[in-house]
Structure formats: structure tokens, C-alpha cells
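The values are calculated or read from the model by the stated rules, or taken from the named source; none is laboratory data. Keep in mind it's a predicted model, so treat the numbers as computed, not measured. Counting neighbours? That spans all protein chains shown, and the Cβs are built from the backbone with ideal geometry, glycine included. Surface accessibility is based on the protein's heavy atoms, side chains included, excluding ligands, DNA and RNA. Shrake-Rupley method; radii C 1.70, N 1.55, O 1.52, S 1.80 Å.
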Amino acid sequence: PRPAGLRLAADLGRDPATQRIGVSMQSSNPLGYGARMTVTPPAARALRPLRYLVRTPILFWHVLVHLPVTLILMSWPFGGIRVGGDRLGHRMVRWWRGGLMRVFGFRMRRIGTPLPGAVMFVANHVSWIDIVALHSYRMMGFVAKREIASWPLVGRLATMGETIYHQRGNQESL
């Protein structure tokens, strides 16, 4: 049984291949997220360069302007300020990750009500999109391999996003 107020997106009669518990992801591109097409339609192929021309400058702006603002507002003394019951740092992570999803053409819709308090999500993610999608709706810590902590920019962002690092093959790091 599922908690009251939380519905699986599959319960709404959509294609289960594109669904996640509590979050439905839809892409604004013609193929859609998780599309099973083997041939790209000619119209979509013709629009691809235009999509890149529009989205590339937006992505650069998001990384070069919004990311530094986010990092500044996540750090001391701003990150601990409470805004509407949440820390400002957590709100900034959700804002930046939501913006990143929009830059790549994803429109997300929450289905159900988030559970209050501590919650454990268990997912075997397929790509980086799953992490960004979940972070854009709720601040949560992820478990990642220890090597990610040493990656130049991604490691710092993952640490600020409260990632827990695990050394593969080492039971003591659990």
C-alpha cells in the first residue's frame, strides 16, 4: 500500500517507461523522454540545430551566472538562513537544478504530496537526469562512489548537495 496522497504516475494510465514514483517527467522535444523510436523523424532532425542554437547560450548563462549566485547563497552566512521552513542553501539547490531541467527541455509535474520529515528514496538511476530531477523537487542526499568527490567541479557540487560517498568494495565505508 502507498501512503495517502501519493500516487504512482503509472496509476494515471501513462506509459510506465517514462514514469517515476511521485514525479512525471515529460520532455518538450518531439521524441520525449524514454521514447522507443529507432528512427528520428525528419522534422525533428531539421530542428535539432535550431534547438542547439537556442539552448547552448541559455546553458552557458545558467552555468556561468546562476551557478555562482547559487554557490554564494549556499555558503556561509547565507546558506543557513531559513526561508519558509527550508534552508536557503536547499532552496538554491532546488532552484538551480529545476532551471537545469528547463534548459534541457524537461517539464516536470509533481504527482501527489511529498511526505513530511525524513524519507528514503531507493532508485537505481539510469542517467544524471534522475538525480537532477529528484533534487529539483526535494533536497536529499545521494550515495555516490568516492571518486566523484575528487572531480573538480562536480565533486564540489555533489558535496554541497549533501552527497554521501562510498568506497566500492569497502564494507566499512557504509
Keeping all protein chains in the complex and leaving out DNA, RNA and ligands, what accessible area do you get for residue 153 with a 1.4 Å probe, in Å² to the nearest 10? 90
With just the Cα atoms defining each centre, how far is the stretch 51-77 from the stretch 96-174? Give it in Å. 18
Label-point separation in nm, residue 109 to residue 94, each point 7 Å along Cα→Cβ: 2.0
For the pair residue 151/residue 121, report the inter-label distance in nm, with labels modelled 7 Å from Cα in the Cβ direction. 1.8
Multiply the residue separation of residue 102 and residue 172 by 0.36 nm, subtract the distance between their alpha-carbon atoms, and state the gained length in nm to one decimal. 21.3 nm
Charge dipole of the stretch 76-174 built from unit charges on the beta carbon (Lys, Arg +1; Asp, Glu -1), centred at mean Cα; most positive-end Cα among 125, 155, 80 is 80
With label points built 7 Å along Cα→Cβ from the Cα atoms of residue 164 and residue 128, find their separation and express it in nm. 2.4
For the stretch 79-90, take each phi angle, set θ = phi - 60°, evaluate the Karplus expression 6.51 cos²θ - 1.76 cosθ + 1.60, and give the result in whole Hz per residue in order, putting x for glycine and proline. x, x, 5, 8, 10, x, x, 10, 5, 4, x, 5
